[in-house]
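Okay, structure first, notes after.
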Amino acid sequence: MRRIQFFEIGDLPWCPALIRDAFTDYLRYAQDRFRPYLAAAPLLHRAIERSGAGRIVDLCSGAAGPWPHLLPALSGVGCHVSVNLTDKFINRAALSRLCAQLPEHLTFTPEPVDATAVPERLAGFRTIFSAFHHFPPPL
């Protein structure tokens, strides 16, 4: 079956922030409820160890994705890292709230970051969760 590239309203530049933020808030709720990426913590830990990185740059973070659950899981296996959350369309309220709860571990980049052109200043181990469908196959 051939892949079909659809679009999401929230990906369009003219989409109101209120609607886009509602999408990412819902996704965050679903991740809080079901924790689908928690099982990836041991793999992520090994990859971070191999890279020698002490910082993660999370791309397409939305409303912070799995980090409220992944950070404690990583810490529990001895992997103490900080995470910088980024997004092209920033959900400032959600990211500010979460970063205030975990200030020693979480920060967010206040300017838009396009995951296809990450600035060099954002160095670290890069992650993307639940966002590859936003990119056409060549990307």
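The values are calculated or read from the model by the stated rules, or taken from the named source; none is laboratory data. Because the structure is predicted, anything quoted here is derived from the model rather than measured. No Cβ is skipped: glycine too gets one built from the backbone with ideal geometry, and neighbour counts run over all protein chains shown. Surface areas here come from the heavy atoms of the whole protein model, side chains and all, with no ligands, DNA or RNA. Shrake-Rupley method; radii C 1.70, N 1.55, O 1.52, S 1.80 Å.
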Quiz item: How many of the residues in the range 74-93 are farther than 29 Å from E8 by Cα, modelled with pLDDT of 95 or more and open to solvent by 20 Å² or more (accessible area, probe 1.4 Å)?
Solution: 1
Self-check item: Which listed residue is open to solvent by 30 Å² or more (accessible area, probe 1.4 Å), at pLDDT below 95 and either farther than 30 Å from I4 by Cβ or not charged (D, E, K, R) (or both), from P119, P138
Solution: P138
Quiz item: Can you name the residue in the range 94-116 that is outside any loop (DSSP other than H, G, I, E, B) and in contact with a helix residue (DSSP H, G or I) (Cβ under 7 Å, 6 or more places away or on another chain) and is also surrounded by the fewest Cβ atoms within 10 Å (Cβ to Cβ) among such residues?
Solution: T107
Quiz item: Can you pull out the residues in the range 1-60 that are among the small types (G, A, S), out of contact with any strand residue (DSSP E or B) (no Cβ under 6 Å at 6 or more places or on another chain) and part of a loop (DSSP other than H, G, I, E, B)?
Solution: G52, G54
Practice problem: Considering only the range 105-139, state which residues are over 28 Å from E49 (Cβ atoms) and acidic (D, E). | Solution: E111, D114
Exercise. For the range 85-92, state whether one or more residues are without any contact (Cβ under 8 Å) to a residue 40 or more places away in the chain and farther than 30 Å from P138 by Cβ.
Key: yes
